[in-house]
1. Near the amide H of residue 120, under 5 Å away, which other amide H atoms are found, from residues 5 or more places off or on another chain, if H is placed in the peptide plane?
2. What FRET efficiency comes out for the pair residue 56/residue 99, r = Cβ-Cβ distance, R0 = 35 Å, nearest 0.05?
3. Using 0.36 nm times the number of residues separating residue 144 and residue 89, minus their current alpha carbon distance, what extension gain do you get?
4. What's the whole-number percent of alpha carbon pairs in region 54-150 lying beyond 17 angstrom?
5. Please sort 57-65, 124-132 by packing, taking for each peptide the average over its residues of neighbouring beta carbons within 10 angstrom, highest first.
6. Taking θ as phi - 60°, what are the ³J(HN,Hα) couplings along region 115-122 by the Karplus curve (6.51, -1.76, 1.60), each to the nearest whole Hz, with x for Gly and Pro?
7. Using 0.36 nm per residue of separation minus the Cα-Cα distance, give me the extension gain between residue 7 and residue 131 in nm, one decimal.
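Coordinate-derived values only; no laboratory data. Everything numeric in this text was worked out from a predicted model, so none of it was measured. Here Cβ is always computed from backbone atoms with ideal geometry, including for glycine, and neighbour counts include all displayed protein chains.
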Amino acid sequence: MIKYYRFYVALIFTGLLMAYTPMPQADMGQQQGYVYNPDSNNADAPLQPASYGEKIGNKALIGFANLTTGILEIPKNMINTINQGNFFYGVGGGFIKGTVNTLGRMGCGIADIITLPIPTNPVAYPLFIWDDFDADTTYGEALRLNKAKK
């Protein structure tokens with residue numbers, strides 16, 4: 001039983017992390033690097049630049065989420081490839097495409113965790129695998145600083 005203790009602790013930690021990951025990302029659909037002004041009652045109020053702590057927190061959550069849920073790229077790509085073509089091509093080609101995207105998404109998660117103190121823009125889009133399940137995963141420019149636009 002002692003052998004499996006570490007596994008269960010890691011499993012519980014991963015589950016809790018995945019449960020709390022989407023909560024701070026509720027505003028991510030707006031503009032990267034900006035947050036909503038909570039003091040304003042107007043929905044069209046201008047967005048305030050995000051603080052350093054918020055940028056680092058979002059980066060940590062995106063990194064951990066990409067690292068832990070990257071394996072879900074395989075069934076996602078298999079389903080999407082089956083829907084775009086036939087069953088046999090979808091299973092074979094989708095598995096290969098999903099494996100490549102799994103390595104890419106997990107690599108982006110590792111890079112985000114390693115470079116945590118530097119606020120950079122995310123590399124993998126959509127940010128989370130569950131954001132747009134039908135969209136193919138794309139990768140943008142790596143290690144571009146997240147600057148607030150004036």
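1. Here the answer is 146, since their amide H atoms fall under 5 Å of that of residue 120.
2. 0.70
3. 16.2 nm
4. Summing the P(r) tail past 17 Å for region 54-150 gives 50 percent.
5. Peptide ranking by packing, descending: 57-65, 124-132.
6. Those phi angles translate into 9, 4, x, 9, x, 10, 6, x Hz.
7. Between residue 7 and residue 131, full extension yields 41.8 nm more.
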